[in-house]
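*Asks:* Handing you this structure, nothing more for now.
Bear in mind that the values in this text are calculations on the coordinates, not laboratory data. Keep in mind that what you see is a predicted model, and the values were worked out from it rather than measured. Positions of Cβ are generated from backbone atoms using ideal geometry, with glycine treated the same way; all protein chains shown enter the neighbour counts.
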Amino acid sequence: MNRRHTPTHPRPGSPIRLQAKVAACLIAAGLALLSCAGEAGPDSGRPPAATSGAMEELRMRMVEEQIAARGISNEAVLEAFRKVPRHLFVPPSVRPLAYADGAQSIGLGQTISQPYIVALMTDLARPSPDARVLEVGTGSGYQAAILGELFGDVYTIEILPELGRRAERTLAEQQYANIRVRIGDGYDGWPEEAPFDAIVVTAAPSTIPRPLMEQLAQGGRLVIPVGSGSQDLVVLTRDGDGYRRELVTGVRFVPMTGKAQEE
């Protein structure tokens, strides 16, 4: 979610469960994958081998039980989640739980977001193959990969150099030629590539950064968690000379760092 994606469960009211047999399958399949010498991922310099059948089955279950079952019905979004191998975007130590219903550690105190939240934010961005999207907070690169399946051009910014470079390698291994990665403070956006049809932010500022608002195209949508402590997932739509604001659900993300903290 994927940097500063700590958080990610909606407030009570959304069903969050994983059947015992699925959890057992997650562990068994993940451990089997770790034993395969040909597998690769964020910490490997080799292109990944073909996704194992066990992991593919877990990915299909994730889409049906965690995403579609919670109301995400956009078939293009669901197909993107069926396609992208989430387990290749996490360190080997947590791959057994790559498809579990929750956030997972990716190192440096950061996490990859709960699959449902990644799907919800993606759906709210209203993806289109002709559209351009900016992601603030690359993290593992998983959210960027999902966006890369749905948008024509993806620009993603990561403030932590090690995470950004690792994600860039993983995205290159997965052959995403339409994704550009920058190391920097996402508070300022990517002005030389603006305007964007959508902006997806994966860390929570206390207020919405003005530069991101200004980099939206007319009709563009900014999907962002906002608040200190208690947070709301907000969709801000540029409408003429103003903006329309929609509150979606309560969430919990880590705070946006850099200039956002100075404010």
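*Asks:* When the Karplus curve 6.51 cos²θ - 1.76 cosθ + 1.60 is applied with θ = phi - 60°, which whole-Hz ³J(HN,Hα) does each residue of region 92-102 get, with x for Gly and Pro?
*Replies:* Karplus-based 3J(HN,Hα) across region 92-102 equals x, 5, 10, 4, x, 10, 4, 9, 6, 8, x Hz.
*Asks:* Same structure again: Whole-Hz ³J(HN,Hα) for each residue in region 249-263, computed from phi via Karplus 6.51 cos²θ - 1.76 cosθ + 1.60 with θ = phi - 60°, x for glycine and proline: what do you get?
*Replies:* Along region 249-263, the couplings run 6, x, 9, 9, 10, 5, x, 5, 9, x, 4, 4, 6, 5, 6 Hz.
*Asks:* Okay, moving on. Please give the length that would be gained between Ala76 and Ala172 if that part of the chain were fully extended, namely 0.36 nm times their separation in residues minus their C-alpha to C-alpha distance (nm, one decimal).
*Replies:* Working: separation 96, 0.36 × 96 = 34.56 nm, distance 2.23 nm.
Computed gain between Ala76 and Ala172 is 32.3 nm.
*Asks:* Indicate, rounded to the nearest 5 percent, the antiparallel portion of the DSSP beta bridges found entirely in region 20-262.
*Replies:* Here the antiparallel bridges make up roughly 50 percent for region 20-262.
*Asks:* While we're looking at this one, here's another question. Give me the number: length gained by fully extending Ser228 to Ser206, i.e. 0.36 nm times residue separation minus the C-alpha to C-alpha distance, one decimal in nm. List each step's numbers first, then the result.
*Replies:* Numbers: separation 22, 0.36 × 22 = 7.92 nm, distance 0.54 nm.
Gain on extension, Ser228 to Ser206, equals 7.4 nm.
*Asks:* I would also like to ask the following. For region 20-262, what's the relative contact order in percent, using C-alpha pairs closer than 8 Å and at least 6 residues apart?
*Replies:* Averaging sequence separation for qualifying contacts and normalising by length gives 14 percent for region 20-262.
*Asks:* Give me Ile208, Ile157, Ile224, Ile112 ranked fewest to most by other Cβ atoms within 10 Å of their Cβ, as a rough exposure proxy. Display every interim value, and only then the final one.
*Replies:* Values: Ile208 17, Ile157 23, Ile224 26, Ile112 29.
Lowest to highest Cβ neighbour count: Ile208, Ile157, Ile224, Ile112.
*Asks:* To make sure I understand, if each residue's beta carbon is the centre and we count other beta carbons within 10 Å, what order do Tyr187, Tyr176 fall in, fewest to most?
*Replies:* Tyr176, Tyr187
*Asks:* What FRET efficiency comes out for the pair Asp130/Arg180, r = Cβ-Cβ distance, R0 = 25 Å, nearest 0.05?
*Replies:* Working: r = 17 Å, r/R0 = 0.70.
Calculated transfer efficiency: 0.90.
*Asks:* Give me Val136, Val94, Val234 ranked fewest to most by other Cβ atoms within 10 Å of their Cβ, as a rough exposure proxy.
*Replies:* Final ranking by Cβ density, sparse to dense: Val94, Val234, Val136.
*Asks:* Here is a follow-up. Please state the relative contact order of region 101-239 as a whole percent: Cα pairs under 8 Å, 6+ residues apart?
*Replies:* Computed over region 101-239, the figure is 20 percent.
*Asks:* Can you tally the net charge around Glu262? Count Lys and Arg as +1, Asp and Glu as -1, for every other residue whose Cβ sits under 15 Å from the Cβ of Glu262. Mind dumping the intermediate values first?
*Replies:* Working: positive: Arg210, Lys259; negative: Asp185, Asp188, Glu263.
Around Glu262, the charge tally is -1.
*Asks:* Okay, next question. Return the FRET efficiency for the residue pair Arg165, Leu247: r is the Cβ-Cβ distance, R0 is 51 Å, and the value is rounded to the nearest 0.05.
*Replies:* Efficiency, from the Cβ-Cβ distance: 0.90.
*Asks:* What list of ³J(HN,Hα) couplings, whole Hz, do you get for region 169-186 from phi and the Karplus terms 6.51, -1.76, 1.60, once you set θ to phi - 60° and write x for glycine and proline?
*Replies:* So the J values, rounded to whole Hz, are 5, 4, 5, 5, 4, 8, 6, 8, 6, 9, 10, 10, 10, 10, 8, x, 8, x.
*Asks:* Excluding Gln215 itself, what net charge comes from residues whose Cβ is under 11 Å from its Cβ, given Lys and Arg +1 and Asp and Glu -1? Please report the intermediate quantities before stating the final value.
*Replies:* On the way: positive: Arg132, Arg210, Arg238; negative: Asp188, Glu192, Glu193, Asp197, Glu214.
Summing Lys/Arg as +1 and Asp/Glu as -1 gives -2.
*Asks:* Between region 126-147 and region 172-236, how many Å separate their Cα centres?
*Replies:* Going from one Cα centre to the other spans 10 Å.
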